[in-house]
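Notes to accompany the following structure.
The values are calculated or read from the model by the stated rules, or taken from the named source; none is laboratory data. Keep in mind the model is a prediction, meaning the values are calculated, not measured. Note that we place each Cβ from the backbone using ideal geometry, even for glycine, and neighbour counts take in every protein chain shown. Surface areas here come from the heavy atoms of the whole protein model, side chains and all, with no ligands, DNA or RNA. Shrake-Rupley method; radii C 1.70, N 1.55, O 1.52, S 1.80 Å.
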Amino acid sequence: MSVQRLSSWCIPVLAGMLWSGPSAGQELVPDQPAGWLVRAGTLWSDGDGFVAGGEVLLRDGTIAAVGPDLEAPDDVEVIDVTDGFILPGLIEAHSQTGLHGDGVGWDTDEDTRPITADLHARDAFYAFAADVASARRSGITTVLATPGGKNLIGGSGVLIKTAPAVGDENVVRQPAVLKMSLGDEPKRTNAAPRTRMGEVALLREHLSRARKYEEERNQAEQNGERPAVDADFETTAALLRGELPALVQAYTTKDIANALRLSDEFGFDVILAYATQAHLIAGELARRDVPVVLASIKGLWYRYEKESFSERNAAQLLDAGVRIALQLGEGNPYGGGDLLFNAGYLLKHGLAREDALRAITSWPAELLGVADRLGRLRPGMDGDVVVLSGPPFDPRSQVLHVFINGQRMPSE
Amino acid sequence: MGPVRKRRWACRDWSAVRVSGSWRAFVLAAVTIAAMPSEDASAQRVAVVAKTVNTISHGSLSPGVVLIADGKIEEVRAGTETPPGYAVIDASDRIVMPGLVDAHTHYGLRNVHLTPGRFDMAESSQPFTPHADVRDALDPDDPVFDKVRGLGATTLLVLPGSSNLVSGLGWALKNRDGGLDRMLIDSRPVLKMALGMNPKSAHGRRERSPKTRMGSSAMLRARFEEAARLVRRGEPRQAGEVDRELEVLAAAVAGEALVHIHAVRADDILTALRLMRTYGLEGSLGHVYEGYLVADEIARSEVPVVVGPKLDGWYRGRNPPRPVDVSGRLGKAGVEVSIMTDSYVPDLFLQACFAVHLGLEEEEALRAITLNPARAIGLADRVGSLEPGKDADLIVLDGEPLALSTNVVRVLIEGETVYERAATE
């Protein structure tokens, strides 16, 4: 109900605001054949493992068939990469991709007040930005784009494909999450909060008011009245109704504990992001089934609160039974946004090869609630496919082809 | 003015500023004690038997043996035979190569979580601080040294930051325990300089020069003119006769200190080369993200470059439309390329793998984290390859060097094992 309610006012506005148009030199998706048959030496998809002679047939935007020895219908174009590898399109489970603008200031944080729950990353996501193109080229076909971490609540995040598209055809889920941030960064941003006490107090006040807002709206509807809309509480009310999770950027166990306490108090789901100390309380997170989106490579710079950062945190969380996904994250010098390369770095830090692949395909799809559409190569799922020249995690391997919604992206 | 003729500067005594005052004796005593066990270890003769020995300078031997005596490499030979009297390290299913050299780091100058009061990277109170010296700020107990040792880094150049036109003296270290003086390598220090955005924003923002690239160059030339005049006069002088700032700049002009110039944009790179040519400065350029745009000019100058931490030409301000193989394109143009971590992502192998991903030849990528940085910091006679007479700094790997899954399992510095990977890791 509420997502509909939200969409009813925000989507038309957004569609209008988004169009600034591709300018010269920017890529558009070229005309496509009726379908594609992709053949490669090996195909990998979670649950199927590495399949020799893997093939994928794409039609009508989705995966029509998977397997060795597919017949090529007359109207499809065949791509044959003998030694290549086919993977599901990669999913980055938390990022500010597309919000960085192109050289004219960033659109990541509206840091003029600590809680901007009325904002939507969707309004800033720029599909023609260089970082979106870069993500796409490196095989990322879907990103969770959220506001940055300066505000306690930055606004809603959007789950969106990285194709160079103008309208809403790329949106997988909007709003996908409510972005929260705890700890050092919000303390340093606005006039308030200045302490962790202030952080939780402000969040509690907002959540309480959102709960009251929801009650008043329900009351009004029951009375047959037209309820007043307050954008400040719309997404948060949806959070409290359990329609979307909070994606909480938190680093220390203290801030993670604060997030969990608020989630207990107000009854909402939490996905942690960055969480550099999460492995210290892995058992607790497993017990509560709180998933964690980790930055696989954490720059040593530019961030407080990483005393306990260890590249082994992914392996440790997995061993404890915590669900994980990977993101690039700040302080990462691989500016081209190569998620596959970043995931590969964890191989030497205890992560199994298949788990490293899952953490950028099927697992983010599951923890963001879109496993029915994304993250695996199965008939009926979205036609998001990546073709590599060689094995994943071999530094020499290159991304040769990227398909989004069954369309081959411009060759770049 | 024309190039200044290089000359040794008789009175230069770096040790005078190394450890001063009353605690010098204490440090020396501590160093002596710390050094004792290693004397024993390095006096031993050690033979490392490996599936493959990659010398970097003279190809690979499979299988191969590295013979070590008194902390130096005695011989690198094919086969598995070891002479009597040598303690054998069995790496017969492993790959052995030289310890890695990182020619641009800030380790120990700021601790990992940026604790307030522990940030000693940049004396940004004025645009010239050549007399600042990282040895006065460096914390040898920063846990990051252990971390990067386990990632294979045995020689590190620790430099001041880049907020000043001239930020001060950096020094090369061996990454081992025992205190700063045991880490320090007796070699020429490296004077850190910076062009472009960083000094402009650090100082211009505070309404003082430099505010522009014009200002930066003019200020640098003015100071180096003075220094060059001092060197031309050529008389040995006592410390204190001139100001310390000028003394250090003069040492760079005289070739007693190398320089390392932070230059990102193509125009800053050309300015750096011009400064080096004019004042006869010896050394390297750092970062050089736009180096690929002026690769031929850099190659002609024969100045080595240290690329990174970003390797794909991306930096805030002027991203190319797509990732660029910066190091590969420089290498193809004939530039001697090293890859740095900048203490950013601390894994040099990861950096090298990413360079390969972008297009750098694998052999070049390995040179870029061993022999090339050793040359860039003036230490090629001691580290960077496995050759007789060089320091026995070597690392043992459990897989191919440029595979993401490969781990460093043992590190030797001057013949002494300083790291062994635990079986559970």
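The residue of the range A:266-313 that is modelled with the lowest pLDDT, among those that are out of contact with any Lys or Arg (no Cβ under 9 Å at 6 or more places or on another chain) and among the acidic types (Asp, Glu), is A:GLU305. The set of residues in the range A:361-405 being part of a loop (DSSP other than H, G, I, E, B), away from chain B (no Cβ under 14 Å) and acidic (Asp, Glu) consists of A:ASP372, A:ASP384. Among the residues of the range A:394-412, just one is touching a Ser or Thr at 6+ places or on another chain (Cβ under 7 Å), open to solvent by less than 50 Å² (accessible area, probe 1.4 Å) and over 18 Å from A:THR162 (Cα atoms), namely A:SER397.
Regarding the range A:332-345, can at least one residue be identified that is touching a His at 6+ places or on another chain (Cβ under 8 Å), within 12 Å of chain B (Cβ to nearest Cβ), assigned to a helix (DSSP H, G or I) and open to solvent by less than 20 Å² (accessible area, probe 1.4 Å)? Taking every residue of the range A:332-345 in turn, at least one turns out to be touching a His at 6+ places or on another chain (Cβ under 8 Å), within 12 Å of chain B (Cβ to nearest Cβ), assigned to a helix (DSSP H, G or I) and open to solvent by less than 20 Å² (accessible area, probe 1.4 Å).
Would you check if B:GLY334 is more than 14 Å from every other protein chain (Cβ to nearest Cβ) and at positive phi? It is true that B:GLY334 is more than 14 Å from every other protein chain (Cβ to nearest Cβ) and at positive phi. Which condition number in (1) at pLDDT 95 or above; (2) in contact with a helix residue (DSSP H, G or I) (Cβ under 9 Å, 6 or more places away or on another chain) is the one that A:GLY369 fails? Unmet condition: (2). Collect the residues in the range B:318-348 that are open to solvent by 10 Å² or more (accessible area, probe 1.4 Å), closer than 24 Å to B:GLY99 by Cα and assigned to a helix (DSSP H, G or I), keeping them in residue-number order. Result: B:GLY331, single match.
Applying the set (1) among the aliphatic types (A, V, I, L, M); (2) assigned to a helix (DSSP H, G or I); (3) within 14 Å of chain A (Cβ to nearest Cβ) to B:ALA374 leaves exactly one unmet item: (3).
Inclusion of B:GLU256 among residues that are farther than 21 Å from B:GLY215 by Cα, open to solvent by 10 Å² or more (accessible area, probe 1.4 Å) and not in a strand (DSSP E or B) is not warranted. A:ARG408 passes every criterion in (1) over 20 Å from the mean Cα position of the chain (by Cα); (2) under 18 Å from B:LEU402 (Cα atoms); (3) more than 9 Å from every other protein chain (Cβ to nearest Cβ) apart from (2). With respect to being at pLDDT 95 or above, more than 13 Å from the chain's Cα centre (by Cα) and at the interface with chain A (Cβ under 9 Å from one of its Cβ atoms), B:ALA403 fits the description.
For the range A:165-188, residues that are free of Cβ contacts under 8 Å to residues at least 40 places away in the same chain and either β-branched (Val, Ile, Thr) or in contact with a Pro (Cβ under 9 Å, 6 or more places away or on another chain) (or both) total 1. Restricting attention to the range B:94-112 and to residues that are in a strand (DSSP E or B) and under 18 Å from B:TYR419 (Cα atoms), the residue that is most open to solvent (accessible area, probe 1.4 Å) turns out to be B:ARG94.
Yes/no matrix, rows are residues, columns are (1) small (Gly, Ala, Ser); (2) touching a Gly at 6+ places or on another chain (Cβ under 8 Å); (3) more than 15 Å from A:GLY154 (Cα to Cα):
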{"position": "A:ARG217", "(1), (2), (3)": "no, no, yes"}
{"position": "A:ALA228", "(1), (2), (3)": "yes, no, yes"}
{"position": "A:THR235", "(1), (2), (3)": "no, yes, no"}
{"position": "A:ALA238", "(1), (2), (3)": "yes, no, yes"}
{"position": "A:ALA246", "(1), (2), (3)": "yes, no, no"}
{"position": "A:TYR251", "(1), (2), (3)": "no, yes, yes"}
{"position": "A:THR276", "(1), (2), (3)": "no, no, yes"}
{"position": "A:LEU280", "(1), (2), (3)": "no, no, yes"}
